[in-house]
Amino acid sequence: SRVKKSDGSVEEVNFKVVRNGGAFVMPVYQKVSSMSLHSRKIEVSTKDAMSKEGVKINVDGVALVKVASDDIGIVNAAERFLGREQEIDTQVKGVLDGTLRGVCGTLAPEDIYRDRTAFGNKITEQVQAELAQMGLVLDVLTLKEIDDSEKYFESLGRKRTAEVKRDARVGEAEA
């Protein structure tokens with residue numbers, strides 16, 4: 001069977017991809033395998049990822065991942081996971097954990113604390129490229145909790161709260 005790649009070129013593969021339809025199968029000469037194209041929920045939990053400043057950060061989140069919908073994505077996923085779909089969760093967790101650790105290592109804890117959206121976007125960008133090679137797509141990545149073992153983030157919050165209260169007292173006194 002031939003599949004068209006995203007760059008327009010055509011690649012020959014030794015199996016046929018059938019979506020939303022049927023195909024005639026010759027027993028003994030051919031076999032049928034199926035793979036779900038639905039999204040799957042994968043829990044992500046990274047402990048003690050080292051930030052740029054050396055603060056150990058814990059990140060918990062949820063990723064929704066599915067097999068890509070284009071032919072080459074399906075072929076890539078089938079070559080890696082057909083008959084072993086449970087490995088998708090394991091490999092995606094590994095990619096997410098490695099990417100989370102890598103992104104944490106490039107940022108100061110204050111940057112992660114102040115702009116969680118940018119932090120999440122950075123992770124998503126890097127994960128998308130790796131998953132595409134596996135024939136997978138990251139639908140959504142939600143970071144549920146970001147904290148640290150040494151209460152560094154909590155201290156940042158207390159410091160900011162004290163600054164706001166101090167500024168309010170000064171403003172009242174000046175008024």
On the basis of being more than 30 Å from GLU150 (Cβ to Cβ) and part of a helix (DSSP H, G or I), does VAL75 make the cut?
yes
Here are some conditions: (1) touching a helix residue (DSSP H, G or I) at 6+ places or on another chain (Cβ under 6 Å); (2) among the hydroxyl-bearing types (Ser, Thr, Tyr); (3) modelled with pLDDT under 90. THR117 meets all but one. Which one does it not meet?
(1)
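Is there a residue in the range 128-140 that is under 16 Å from VAL55 (Cβ atoms) and surrounded by 13 or more Cβ atoms within 10 Å (Cβ to Cβ)?
Step one: filter the range 128-140 for residues under 16 Å from VAL55 (Cβ atoms), giving none.
Scanning the range 128-140, I find no residue that is under 16 Å from VAL55 (Cβ atoms) and surrounded by 13 or more Cβ atoms within 10 Å (Cβ to Cβ), so the answer is no.
Would it be correct to say that ILE146 is closer than 16 Å to ASP48 by Cα, touching a residue at least 12 places away in the same chain (Cβ under 8 Å) and surrounded by 14 or more Cβ atoms within 10 Å (Cβ to Cβ)?
yes
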Matching residues in the range 73-127 - criterion: being surrounded by 14 or more Cβ atoms within 10 Å (Cβ to Cβ) and charged (D, E, K, R):
ARG80, GLU85, ASP89, LYS93, ASP97, ARG101, GLU110, ASP111, LYS122
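Let me confirm something: among VAL55, VAL28, which residue is at pLDDT below 85, open to solvent by 90 Å² or more (accessible area, probe 1.4 Å) and over 12 Å from the mean Cα position of the chain (by Cα)?
Working: VAL55 fails: open to solvent by 90 Å² or more (accessible area, probe 1.4 Å).
Only one candidate passes the filter, namely VAL28.
The values are calculated or read from the model by the stated rules, or taken from the named source; none is laboratory data. Note that this is a predicted model, so its numbers are computed, not measured. In this analysis, Cβ positions are derived from the backbone assuming ideal geometry, glycine residues included, and neighbour counts consider all displayed protein chains. Just so you know, the surface numbers come from the protein's heavy atoms only, side chains and all, with ligands and any DNA or RNA stripped out. Shrake-Rupley method; radii C 1.70, N 1.55, O 1.52, S 1.80 Å.
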